[in-house]
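> Structure provided below as structure tokens; questions to follow.
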Amino acid sequence: MKTVDKILLDLHQAHWTNNSQNFPVNDRRILASFCNQLKSGKFFTENQAKLLIKIFKENQDILKNYYNSDLSFLDSPKWSEPFRVLAQVRRIYTNPGNSTHFFVEYTFNKKIKEVLTLLIQKEKVEVLTLTNKTIGFLLTETNIYLVITALKNFRFEISENLEKFYREIVHIQKTQKNHQQTFLDENEKIQRHLIEDIGDNYRENKLLLSDRQLRYGYQFLTDFHEKTLSNSIALRKKPRVWIDSSVIQLRILIDSLIELKRFPIMIVLDGHKVEECAKILPEIYLTLKQYQKTCSVYFRLDNKTGQIFNKFISDNKLNSWLNLSTDTVVIDNSKLPKFFDKSGWYPKSVISFTNSFTNNKGTVWCDGVDLLVYYTDKKPMIADHYEIL
């Protein structure tokens with residue numbers, strides 16, 4: 001009796017596997033792939049062999065027309081070689097040649113794929129697909145925590161640096177939970193941070209104590225009778241918030257950020273929307289000028305279409321060097337200036353005029369900022385934002 005793999009090759013040679021009158025189209029595609037694999041010298045894996053038997057059993061009437069002998073071999077199939085065993089790869093690692101992403105590589109596993117798919121969809125995580133078994137994620141604390149937590153029960157090999165980052169993140173989260181149960185006056189570390197950030201009289205400032213909860217990981221239960229924008233921002237439950245730009249004027253937003261001591265600020269524009277940039281920049285400049293705040297713009301548009309934008313920067317000298325006294329910087333959503341890393345400058349808040357400011361180099365760099373405002377006329381599609389009403 002011939003082995004099942006030899007029977008498949010016989011069928012293929014007789015053109016039965018690629019005849020539209022015989023096997024259904026999906027089955028023909030699979031059978032042709034199996035034949036090519038056998039011809040290349042790669043034998044079946046156990047799962048592939050099971051799939052071949054399944055296809056043959058579902059098409060027994062067709063098989064009888066060619067193979068007139070007893071089809072009992074389908075119930076006790078014989079094979080010409082032992083099944084090929086796939087090396088199981090499961091690892092999470094960073095690549096020295098890529099400083100912005102970390103990678104998950106695994107031999108196909110239905111459960112792992114389901115877990116990753118659910119994570120990506122639920123958390124709106126942007127991924128970089130390299131191969132059918134390797135996925136890249138932006139190298140952020142949030143992504144490291146989400147991915148490793150989701151996959152830790154599948155016994156992945158995790159690179160030492162990512163394992164260390166993960167342990168630190170878990171420790172910080174536990175510490176924050178402990179801080180939430182600790183009265184402010186009993187924690188000297190939080191007190192020192194608040195004095196440096198707010199001032200010696202921080203205990204008297206309920207607004208700023210409420211606003212700084214996310215940054216320092218404590219709980220300050222309070223409520224404000226007056227529903228102002230500043231109060232609403234201070235009571236946010238998440239670092240990312242949405243403020244409707246068609247309802248709240250930029251002047252009112254800046255006024256609130258000054259009240260909350262949220263300078264310096266990083267402002268994000270969408271450089272692909274030339275007319276919008278040319279319209280928004282003068283409004284930003286004039287609003288900040290009212291408060292005697294400096295502003296520097298660190299991107300330019302193509303002169304063919306963005307001449308008005310570029311000229312406004314030049315005419316108003318908005319191209320000064322970045323230093324620790326710079327109040328406001330304006331960048332393009334798609335580009336983070338390289339010199340930011342070495343400048344020592346870091347924002348206390350971010351205003352993004354685009355909902356596309358997510359999972360890119362800019363968001364990675366300001367991952368430690370506890371107030372990121374999406375200032376647009378439409379709600380962001382991301383899942384982790386808090387609406388300011």
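> Residue by residue through segment 100-116, note down the ones that are outside any strand (DSSP E or B) and in contact with a strand residue (DSSP E or B) (Cβ under 6 Å, 6 or more places away or on another chain).
112, the sole residue that qualifies.
> In addition: Please count how many residues of segment 357-379 are out of contact with any strand residue (DSSP E or B) (no Cβ under 8 Å at 6 or more places or on another chain) and more than 13 Å from residue 240 (Cα to Cα).
Going through segment 357-379 one residue at a time, the tally reaches 2.
> Being among the basic types (Lys, Arg), in contact (Cβ under 8 Å) with a residue 12 or more places away in the chain and not assigned by TED's automatic domain parsing to the domain that holds residue 100 narrows it down to one of 335, 289, 279, so name that one. Even if it seems obvious, please write down each step before you answer.
Values: 289 fails: in contact (Cβ under 8 Å) with a residue 12 or more places away in the chain; 279 fails: in contact (Cβ under 8 Å) with a residue 12 or more places away in the chain.
Only one candidate qualifies: 335.
> Here's a follow-up. Inside segment 297-320, can you point out the residues that are of a type outside the set (Lys, Arg) and surrounded by fewer than 14 Cβ atoms within 10 Å (Cβ to Cβ)?
Matches in segment 297-320: 302, 303, 305, 307, 314, 315, 319, 320.
> Further question: Would you be able to tell me the number of residues in segment 53-99 that are in contact with an Asp or Glu (Cβ under 8 Å, 6 or more places away or on another chain), outside any loop (DSSP other than H, G, I, E, B) and surrounded by 15 or more Cβ atoms within 10 Å (Cβ to Cβ)?
4
> Can we say residue 112 is within 26 Å of residue 42 (Cα to Cα), outside the structural domain of residue 364 (by TED's automatic domain parsing) and among the aliphatic types (A, V, I, L, M)?
On the way: within 26 Å of residue 42 (Cα to Cα): yes; outside the structural domain of residue 364 (by TED's automatic domain parsing): yes; among the aliphatic types (A, V, I, L, M): yes.
For residue 112, the condition - within 26 Å of residue 42 (Cα to Cα), outside the structural domain of residue 364 (by TED's automatic domain parsing) and among the aliphatic types (A, V, I, L, M) - is met.
> Based on what the data block shows, is residue 379 of a type in the set (Lys, Arg), assigned to a loop (DSSP other than H, G, I, E, B), within 30 Å of residue 142 (Cα to Cα) and assigned by TED's automatic domain parsing to the domain that holds residue 262?
yes
> While we're looking at this one, here's another question. State all residues of segment 219-232 that are in a loop (DSSP other than H, G, I, E, B) and in contact with a helix residue (DSSP H, G or I) (Cβ under 7 Å, 6 or more places away or on another chain); if no residue qualifies, say none.
We begin by selecting, within segment 219-232, every residue in a loop (DSSP other than H, G, I, E, B); these are 219-228.
Listed by number, the residues that qualify are 219, 220, 222, 224.
> I would also like to ask the following. If a residue must be touching a Lys or Arg at 6+ places or on another chain (Cβ under 8 Å) and among the small types (Gly, Ala, Ser), how many such residues does segment 337-352 contain?
Taking segment 337-352 first, the residues touching a Lys or Arg at 6+ places or on another chain (Cβ under 8 Å) are 348-349.
Then drop every residue that is not among the small types (Gly, Ala, Ser), which leaves 349.
Number of matching residues: 1.
> How many of the residues making up segment 125-137 are in a strand (DSSP E or B) and at pLDDT below 90?
Of the residues in segment 125-137, 5 are in a strand (DSSP E or B) and at pLDDT below 90.
> Checking the condition within 30 Å of residue 158 (Cα to Cα) and touching a residue at least 60 places away in the same chain (Cβ under 8 Å), which residue from 73, 108, 102 passes?
102
> I'm trying to understand the selection: among the residues of segment 101-122, which are of a type outside the set (A, V, I, L, M) and surrounded by fewer than 16 Cβ atoms within 10 Å (Cβ to Cβ)?
107, 108, 109, 110, 111, 113, 114, 117, 121, 122
> Another question about this same structure. Here is a list: 43, 23. Which entry is buried (at least 17 other Cβ atoms within 10 Å of the Cβ) and within 44 Å of the chain's Cα centre (by Cα)?
Just one listed residue meets the conditions, 23.
> When you scan segment 199-218, how many residues do you find that are farther than 21 Å from residue 367 by Cα and either outside any helix (DSSP H, G or I) or without any contact (Cβ under 8 Å) to a residue 12 or more places away in the chain (or both)?
Counting residues in segment 199-218 that are farther than 21 Å from residue 367 by Cα and either outside any helix (DSSP H, G or I) or without any contact (Cβ under 8 Å) to a residue 12 or more places away in the chain (or both) gives 6.
> Still on this structure: Would it be correct to say that residue 117 is closer than 23 Å to residue 160 by Cα and modelled with pLDDT of 85 or more?
Answer is no for this residue.
> Go through (1) within 24 Å of residue 346 (Cβ to Cβ); (2) loosely packed, with under 14 Cβ neighbours inside 10 Å; (3) among the hydroxyl-bearing types (Ser, Thr, Tyr) one by one and return the number of the condition residue 294 breaks.
Residue 294 satisfies all of (1) within 24 Å of residue 346 (Cβ to Cβ); (2) loosely packed, with under 14 Cβ neighbours inside 10 Å; (3) among the hydroxyl-bearing types (Ser, Thr, Tyr) except (2).
> Hey, among the residues in segment 327-362 that are touching a helix residue (DSSP H, G or I) at 6+ places or on another chain (Cβ under 9 Å) and aromatic (Phe, Trp, Tyr), which one's farthest from residue 127 (Cα to Cα)?
Among those that are touching a helix residue (DSSP H, G or I) at 6+ places or on another chain (Cβ under 9 Å) and aromatic (Phe, Trp, Tyr), it is 346.
> Look at segment 233-261 and say how many of its residues are closer than 20 Å to residue 329 by Cα and part of a helix (DSSP H, G or I).
Here the count works out to 10.
> How about segment 179-198: which of its residues are at pLDDT 65 or above, of a type in the set (A, V, I, L, M, F, W, C) and not in a loop (DSSP other than H, G, I, E, B)?
Start the filter on segment 179-198 by keeping residues that are at pLDDT 65 or above, which leaves 186-198.
Those still in the list that are of a type in the set (A, V, I, L, M, F, W, C) too: 190, 194-195, 198.
Result: 190, 194, 195.
The values are calculated or read from the model by the stated rules, or taken from the named source; none is laboratory data. Since the structure is predicted, the reported quantities are computational estimates derived from the model, not experimental observations. So basically every Cβ, Gly included, is an ideal-geometry build from the backbone, and we count neighbours across all protein chains shown.
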